[in-house]
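Each value in this text was obtained by applying a stated rule to the coordinates, not by laboratory testing. All values reported here derive from a predicted model rather than from experimental measurement. Cβ sites come from the backbone with ideal geometry, for glycine too, and all protein chains shown count toward neighbours.
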Amino acid sequence: MTDDPFLALGLPARPGLTDDDVRAAWRRIAAATHPDRDDGGDPAVFGAAAAAYALLRTEYGRGEALADVDSRPRRDRRGSRASRGFQRGRPAVLALRVLGAAGAGALAVAVAGWTPATIGVLAGALTWLVATARHDLPPGKHK
């Protein structure tokens, strides 16, 4: 279904919602989609609404969900990131990461020589580089 709990209950994602607003939306959807209905209801919609109600039933939960919804990147009609603009990668940061990994490897070899521990440090530096560098590549060039 959807990962937006406000949408699952048919509510606007705004800070002024009350407990009564959320409860009324939950009861409306539960009555229309409950699996015990004569027509079988809609178990998928009911489950999504039940999970959304469990999250949104308290003021704290609504605040957390609202923060999650607000932190998601918004997309315009063309699919680009409207809130942050089009990210083209960060080659300078990528170069610093490569230099940092190479420096850590060179330091390990200079201090300890070629030992099993040095090979472990080199493997760790390379793993760190691979794990973090993908965030600095242009979008669509990695998966």
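For the reader, a short list of remarks on this structure follows.
- For the range 5-71, a simple Cβ point-charge model (Lys and Arg +1, Asp and Glu -1, everything else neutral) yields a dipole of about 100 debye relative to the Cα centre.
- Between ALA44 and ALA30, the distance separating the two model label sites (each 7 Å from Cα on the Cα→Cβ line) works out to 2.3 nm.
- Cα point-scatterer Debye curve for the range 5-71, base-10 log of I(q)/I(0) at q = 0.14, 0.18, 0.25 Å⁻¹: -0.39, -0.60, -1.00
- Relative contact order of the range 91-136, defined on C-alpha pairs under 8 angstrom at six or more residues apart (%): 52 percent
- Zone of ALA95's modelled label, taken as backbone nitrogen in the range 118-132 under 20 Å from a point 7 Å along Cα→Cβ: 129-130, 132
- Nonlocal amide H pairs with LEU137, under 5 Å, H built at 1.01 Å: ARG90
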